[in-house]
Amino acid sequence: MVFDLNMIKKLYDAMPARIAKARKVLGKPLTLTEKILYAHLHEDQKVEAFGRGKSYVEFAPDRVAMQDATAQMALLQFMSAGRPKVAVPSSVHCDHLIVAKTGAKDDLNIANKESKEVFDFLSSVSNKYGIGFWKPGAGIIHQVVLENYAFPGGMMIGTDSHTVNAGGLGMIAIGVGGADAVDVMSGMAWELKFPKLIGVKLTGKLNGWTSPKDVILKVAGILTVKGGTGCIVEYFGEGVTNMSCTGKGTIANMGAEIGATTSTFGYDESMERYLKATGRAQVAKLANKIKKHLTADPEVYANPKKYFDQVIEIDLSKLEPHLNGPFTPDLATPISKLKETAIANGWPLKVEVGLIGSCTNSSYEDISRAASLARQVAAKGLKTKAEFTITPGSEQVRYTIERDGFIDTFNKIGAKVFANACGPCIGMWNRMGAEKQEKNTIVHSFNRNFQSRNDGNPNTYAFVGSPELVTALAIAGDLGFNPLTDTLVNEKGQHVKLDPPVGEELPKKGFAVKDAGFQAPAKDGSKVKVSVNPKSDRLQLLEPFKAWEGTDLKGMRLLIKAKGKCTTDHISMAGKWLKYRGHLDNISNNLLIGATNFFNEKINSVKNVLTGSYDEVPKVQRYYKSEGLGSIVVGDENYGEGSSREHAAMEPRHLGVRAILVKSFARIHETNLKKQGMLALTFANKEDYNKIREDDVIDLVGLTTFAPEKPLKLVLNHADGTKDQITVNHSYNQNQIGWFKAGSALNLMAAKSSKPVKKQKAKSKVKKAASAKSSKTAKRAPKKAVKAAGNKKAGKKK
Ligand code: MIC
Ligand code: SF4
């Protein structure tokens, strides 16, 4: 089935003229990234030569995708906007809420029972507002998007950091928080700082054990987790055209791990083949007609240094398979050095579990290559030493690989096939014995490996590699095994070597699926009712955040000075907490519980300066809130790295934190903070991080003249009576300052359309910070179910 063909056609018809205009204004040949971005400027945005890394620019993306764990908050906000229908094609995917335990069928049944309320909510909101809904079991958002919605030259946003996966099909696809999605679904412009451009030239050809995953593992090693911040990475060169479309998806997907805004590839035959194989020959036909506009101008790739801000070159013929980790996705080790590095660092050598699949590595090609290794287990008289699991990315892939015998092959090596969902990748893994917190090693083909992420055990050393390497390491059960050079001893005591993996890019017999799990929305959704039970502990309607009080912020306390890595997994943990993604007050009980307190080096233990005792972070913050005191959070580099979850911004806002002050931010998190009316600040002098003391009383000065490019001042009143004054920077533009003043971007949107944010409670009150014991918020909701934002008035809106 082809979705939204007319939208694609309309864009393609307009693209050549828009690109020509941009080329004229810029007076130079264009990269692919510039072509797509300039072709998607919002109608109110003047076409000019934007400053890379400087200008804020307004765009009009073609579509929006949301996954269940973030869609709840996004759609709760959208309901407040009072629009009758989404303004651009949008979709919701149920993939994050399925716990992997015994296997696909049982796990899915359990999830359907346990999260019924949430799935029903998402399904009815989708139905009402014209959003395509993919049921639990249909697949992981990014794989389903690649198979159905992504198209070359398009621009989309999605409420998940790995939305960037669609770059594999030549899109500019960007991960955002739910508030950004609300803008686009409401038909408003979407703002982004015009990115810098990194060009990655791939020469040669992948061979043997090396796969597309190794390209991004290598790039992550070069650029580190923050090296791509504010940048779009454009891949080109013969190595790219030699690679499958899904392989490109893998590279684009894990580009989130270097902080890149997104990654993209020029349209080529691999994309044409993929479009055709996934039932979209019509899209391929349209794309072929404007082919030259769907890749960079030839001068750019001939002389990349002139057109990109940074150029990296990788020779695929020489690239080694890599394994990245533990605890961070940019710690890249080539397979030839793995054993010695592991020994030197004390990484446990025994591999307990190998996990393949996820949104980044579950293509037909990936699975067929991994299966070619699994087949060798029996053929060579081996026995698989580690546990082995597979999480297919979509029902279409699962159905097809089952038909083609791969599942059977994996079953023979004792594999467990989990539901087509995120599962172990996001901590939805009921791993036996994890609670014992033993030091152990797992290897997986996912993209992130932050501490505790997969199984909740902080002592699990998780390594990221290609599905092929993961399979080989699981067979060997040994992190020190190099399949390129080493042999294994089989059941008969013979030394055998694994042959390099082989696979097929696309299924020879074509893809097949019985029930893809899609639910189309009602044509007229106005009669569809959406209800939220006020007693629910899973869903809670939102109240608007309070507007800025118009003064400087005086007398704040320090909630935590976080030490070292503080990703969104540390700020708002996933795993069992995913359950509360639709209930702001309940999920706020995980605020910063993974962060390390600089002063005592402990996790989830901060000083309550009013009582003098140490307690859990959320408890201390609720205490400050109940005392009517604002607080600030201090952090290190790349604060908020990782996911797009805006809960990491909404929770501190909800609990009364006023500012987040760090050495540097990850892009999505910084925007999420701004959107939710929080102050996102950076140290003008990073050394000032050391001046912040545990007992400080903190004043933030300069807000009454808050202006773009104008730093603010922080006065640190130390307990010993001394003071420090430090300068803090911000990146707010005028519009974003408006969000802060209004209390949130959503409040401002409502104010601009001269209609208050739809209060979602029958009798909604904004409570005084001083008296708000927030845990009572949910209980104060009206007794009877509250109907969703109505449509009666919505017709007048636009
Ligand atoms: C992730 O990979 O961390 C997630 C879970 O998909 C997140 C989204 C979320 O937290 O819901 C992401 O990458 O944005
Ligand atoms: Fe799901 Fe993992 Fe992909 Fe995030 S990275 S969308 S949790 S599979």
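Among the residues of the stretch 595-632, the ones that are surrounded by fewer than 18 Cβ atoms within 10 Å (Cβ to Cβ) and on the phi > 0 side of the Ramachandran plot come to 3 in all. Does the stretch 627-648 include one or more residues that are within 16 Å of ligand 2 (Cβ to nearest atom) and in a strand (DSSP E or B)? Checking the stretch 627-648: at least one residue is within 16 Å of ligand 2 (Cβ to nearest atom) and in a strand (DSSP E or B). Restricting the stretch 634-660 to residues that are in contact with a Lys or Arg (Cβ under 8 Å, 6 or more places away or on another chain) and of a type in the set (A, V, I, L, M) leaves a set whose member that is nearest to ligand 1 (Cβ to nearest atom) is ALA649. Within the stretch 324-375, the only residue that satisfies the criterion of being within 16 Å of ligand 2 (Cβ to nearest atom), more than 15 Å from LYS218 (Cα to Cα) and either without any contact (Cβ under 8 Å) to a residue 24 or more places away in the chain or of a type in the set (Asp, Glu) (or both) is ASP366. Among residues of the stretch 55-83 being part of a loop (DSSP other than H, G, I, E, B) and modelled with pLDDT of 95 or more, the one that is farthest from the chain's Cα centre (by Cα) is SER55. Listed by position, the helices (runs of 4 or more DSSP H) inside the stretch 156-244 whose residues that are among the β-branched types (Val, Ile, Thr) and at pLDDT 95 or above number at least 3 are 212-223. Looking across the stretch 702-741, the residues that are in a helix (DSSP H, G or I) and within 27 Å of MET188 (Cβ to Cβ) come down to LEU703, GLN734, ASN735, GLN736, ILE737, GLY738, TRP739, PHE740, LYS741. Selection of the stretch 660-669 for residues being more than 16 Å from ligand 2 (Cβ to nearest atom) and buried (at least 24 other Cβ atoms within 10 Å of the Cβ) yields ILE660, LEU661, VAL662, PHE665, ARG667. Per the listing ILE222, ILE216, the residue uniquely surrounded by 21 or more Cβ atoms within 10 Å (Cβ to Cβ) and more than 17 Å from ASP268 (Cα to Cα) is ILE216.
Filtered by the rule that a residue be closer than 23 Å to ARG667 by Cα and surrounded by 15 or more Cβ atoms within 10 Å (Cβ to Cβ), the stretch 715-728 gives a lone residue, VAL728.
Hey, could you check the stretch 143-173 for residues that are within 16 Å of ligand 1 (Cβ to nearest atom) and in contact with a Phe, Trp or Tyr (Cβ under 7 Å, 6 or more places away or on another chain) and say which is farthest from SER263 (Cα to Cα)? Only one residue tops the list, namely VAL144.
Is the stretch 598-620 home to any residue that is away from ligand 2 (no atom under 16 Å from the Cβ), within 23 Å of LYS546 (Cβ to Cβ), in contact with a Gly (Cβ under 9 Å, 6 or more places away or on another chain) and in a helix (DSSP H, G or I)? Within the stretch 598-620, none of the residues are away from ligand 2 (no atom under 16 Å from the Cβ), within 23 Å of LYS546 (Cβ to Cβ), in contact with a Gly (Cβ under 9 Å, 6 or more places away or on another chain) and in a helix (DSSP H, G or I). The requirement of being closer than 30 Å to GLN310 by Cα and not aromatic (Phe, Trp, Tyr) is satisfied by VAL64.
Within the group LYS101, LYS85, LYS128, which residue is of a type in the set (Lys, Arg), within 28 Å of TRP190 (Cα to Cα), touching a residue at least 12 places away in the same chain (Cβ under 8 Å) and surrounded by fewer than 24 Cβ atoms within 10 Å (Cβ to Cβ)? Only one candidate qualifies: LYS85. Scanning the stretch 134-168 for residues that are polar (S, T, N, Q) and within 13 Å of ligand 2 (Cβ to nearest atom) returns GLN143, THR159, SER161, THR163, ASN165. Residues in the stretch 137-149 include at least one that is within 20 Å of ALA522 (Cα to Cα), out of contact with any Pro (no Cβ under 9 Å at 6 or more places or on another chain) and not in a loop (DSSP other than H, G, I, E, B). Only one of (1) under 20 Å from PHE327 (Cβ atoms); (2) surrounded by fewer than 21 Cβ atoms within 10 Å (Cβ to Cβ); (3) over 20 Å from the mean Cα position of the chain (by Cα) fails for GLY635. Which number is that? Of everything listed in (1) under 20 Å from PHE327 (Cβ atoms); (2) surrounded by fewer than 21 Cβ atoms within 10 Å (Cβ to Cβ); (3) over 20 Å from the mean Cα position of the chain (by Cα), GLY635 misses just condition (2). One residue alone among ASP297, ASP330 is in contact with a Gly (Cβ under 8 Å, 6 or more places away or on another chain) and at pLDDT 95 or above, and that residue is ASP330.
Every condition in (1) within 30 Å of SER123 (Cβ to Cβ); (2) over 28 Å from the mean Cα position of the chain (by Cα) holds for HIS93 except the one numbered (2).
To keep it simple, each residue is scored yes or no on (1) within 26 Å of ALA69 (Cα to Cα); (2) within 15 Å of ligand 2 (Cβ to nearest atom); (3) not in a helix (DSSP H, G or I).
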position: ALA419; (1), (2), (3): yes, yes, yes
position: GLU435; (1), (2), (3): yes, no, no
position: PHE446; (1), (2), (3): yes, yes, yes
position: GLN451; (1), (2), (3): yes, no, yes
position: ASP455; (1), (2), (3): yes, yes, yes
position: ALA462; (1), (2), (3): yes, yes, yes
position: ALA472; (1), (2), (3): no, no, no
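Give me the pairs: first residue in the stretch 305-323 and more than 23 Å from ASN207 (Cα to Cα), second residue exposed (fewer than 13 other Cβ atoms within 10 Å of the Cβ), beta-carbon distance under 6 Å, and six or more apart or on different chains, which are they? Filtered contacts from the stretch 305-323: VAL311/LYS305. Here ALA296 clears all of (1) in a loop (DSSP other than H, G, I, E, B); (2) surrounded by fewer than 22 Cβ atoms within 10 Å (Cβ to Cβ) except the condition numbered (2).
The values are calculated or read from the model by the stated rules, or taken from the named source; none is laboratory data. All values derive from a computational prediction rather than experimental measurement. Quick reminder, even Gly has a Cβ in these numbers, built from the backbone with ideal geometry, and neighbours come from all protein chains shown.
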